[in-house]
Amino acid sequence: MRAPAEDGSMDAEENDPLAWTRDYTPILRSLAAEYGDSRPLDGDTIAVASHLEAKTGVLIETLREAGAHVLVTGSEPYSTKADVVRALDEQDGIELFVEHGMSEEAWEAGQHDLLEAEPDFLLDDGCELIAKAHAEYPEVCERIVGGGEQTTAGITRLEAMESEGVLEFPVYGVNDTPMKHFFDNVHGTGESALMNVGITTNTMLSGKTVVVAGYGYCGRGIARKARGMGAQTVVTEVDPRKALEAHTEGHRIMEMGEAAEIADYVIPSTGSREVVRREHIEAMADGVILANAGHFDVEIDLDGLSDAAERVTQPREGVTRYHLPDGRRINLLARGRLVNLTGPYSNGHPAEVMDTTFAMMFVAAHDLLTGDRDRAPGVYAMPDRLDRAVAERKLGTLDLSIDTPTDSQREYAGDWEHADSSF
Ligand code: NAI
């Protein structure tokens, strides 16, 4: 191992907030290596709206290396990392419209400036930028070639726009690809949400009761991993099939009203609003910890929490404590925003997971911009070939190989009569 320079000067990598992450994002690096010379995105302007931290920084660099001019905003001011903003700002071909902790007015103005710069493609997180473009910049929408959306909630919004007939361009539903949600939602959210709960509170999940609201991709990742850490898990659901799935996998099923009474931790990840609300708060024990791992800041009813409390304190960085009149204390992490992204110790998903998600975002942009640029507006499933190609690329970076079906196996799969059956 090399010792630090004696004069105290820093290596390039010590000055570069993206350097560490590049080592753990081999798919993006391989895309940059492949497209760095041919620059297939030359002449295209791509807007990226996502929680702006190091992994997003590597995606942005990769798009730029493939030739795109990149316009950058965040998903929200508190998940925007100042050092990443500085590092990207120094690179040619990248324009920043966001700063850490900026005011709501400055944030809005930044988004308007970005859309006025007339992007050809929008890579979005939660459909915020796409919705804003449609609501406020119809003339910009008319010339946008397409978009990609990485979240469950964003795709729901896009589908609503499509069914109302207002969606103006084609958008790939990146979230719905296996390569995205199997890894990002399940493992990324599962691991990073629990890690941040642990780091922020310095408490032990083992032996405690963890209530997870929602047993979709994120919720099942959180519940399974919490159980793996020794917690007793309770799942709340509104979908009977998901509830049965959670039950069959060994979690207890309760309504939130009942679960709230026994919870040590409550972690909603549903995409819905006010999943934890005043009536549940009234049932909770002293010291319960609430952490949102779902949608923006809406899953926990923050107004209900404020109304229930007679005073609010901050016992620890990243923890807001609501003191109820009867002496019980309810602890809210990351101000009710996404615990894995917006708390003081939050680093978001592990880099390897975001490498996969962002590789899917990259190929979404590459496919729509270099293919048929006149597709009809709509929400499109990403073609399976793109998903498989990213999976193969990832296996390649891991130096793992898999079998190829033989001709006879291919033939067998395509033969519905199965003439060789001996029965
Ligand atoms: P999903 O659609 O697979 O699962 C959501 C589940 O919540 C469904 O099973 C649904 O029946 C259930 N649900 C809905 N309303 C409920 C309620 N009131 N009470 C209990 N359960 C309820 O969605 P997925 O992929 O699990 O995403 C969930 C949320 O997490 C979305 O908002 C998504 O955008 C967000 N997300 C957050 C991430 C993070 O970094 N924290 C990463 C990826 C997604």
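Per-structure values
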item: Tabulated pairs, region 294-307, first at positive phi, second assigned to a loop (DSSP other than H, G, I, E, B), C-beta under 7 angstrom, 6+ apart or interchain; result: PHE296/ARG337
item: Of all residues making up region 295-334, the number that are part of a loop (DSSP other than H, G, I, E, B) and of a type outside the set (Phe, Trp, Tyr); result: 14
item: Pick from region 193-227, criterion surrounded by 24 or more Cβ atoms within 10 Å (Cβ to Cβ) and more than 22 Å from ALA243 (Cα to Cα), ranking: nearest to the chain's Cα centre (by Cα); result: ASN196
item: Selection within region 190-232 - more than 9 Å from the ligand (Cβ to nearest atom), in contact (Cβ under 8 Å) with a residue 24 or more places away in the chain, in a helix (DSSP H, G or I) and not aliphatic (A, V, I, L, M); result: GLY190, GLU191, ASN196, THR200, THR201, ARG224, LYS225, ARG227
item: Flag for GLY146 being crowded, with 20+ Cβ neighbours inside 10 Å and within 16 Å of the ligand (Cβ to nearest atom); result: no
item: Every residue from region 129-143 that is part of a helix (DSSP H, G or I) and surrounded by fewer than 22 Cβ atoms within 10 Å (Cβ to Cβ); result: ALA131, LYS132, HIS134, ALA135, GLU136, PRO138, GLU139, VAL140, CYS141, GLU142, ARG143
item: Unique match (being more than 26 Å from VAL58 (Cα to Cα) and not in a strand (DSSP E or B)) among GLU99, GLU162, GLU118; result: GLU162
item: Which numbered condition VAL85 fails, given (1) without any contact (Cβ under 8 Å) to a residue 24 or more places away in the chain; (2) crowded, with 18+ Cβ neighbours inside 10 Å; result: (1)
item: Search result, residues across region 363-397 that are touching a residue at least 12 places away in the same chain (Cβ under 8 Å) and in a loop (DSSP other than H, G, I, E, B); result: ARG373, ARG375, ALA376, PRO377, ALA381, MET382, PRO383
item: Some residue of region 56-65 being crowded, with 24+ Cβ neighbours inside 10 Å, touching a residue at least 24 places away in the same chain (Cβ under 8 Å) and outside any helix (DSSP H, G or I); result: no
item: In region 271-315, the residues that are within 11 Å of the ligand (Cβ to nearest atom) and hydrophobic (A, V, I, L, M, F, W, C); result: VAL275, VAL276, ALA291, ALA293, PHE296, VAL298
item: Options ASP184, ASP239: the member that is closer than 26 Å to THR357 by Cα and either touching a helix residue (DSSP H, G or I) at 6+ places or on another chain (Cβ under 8 Å) or within 13 Å of the ligand (Cβ to nearest atom) (or both); result: ASP184
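Each row is one residue, and each column tells you yes or no for (1) under 17 Å from PRO40 (Cα atoms); (2) at pLDDT 95 or above; (3) among the charged types (D, E, K, R); (4) out of contact with any strand residue (DSSP E or B) (no Cβ under 7 Å at 6 or more places or on another chain).
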position	(1), (2), (3), (4)
VAL363	yes, yes, no, yes
LEU368	yes, yes, no, no
PRO377	no, yes, no, no
TYR380	no, yes, no, no
LEU386	yes, yes, no, yes
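The values are calculated or read from the model by the stated rules, or taken from the named source; none is laboratory data. Note that this is a predicted model, so its numbers are computed, not measured. Glycine gets a Cβ as well: all are built from the backbone with ideal geometry, and neighbour counts include every protein chain shown.
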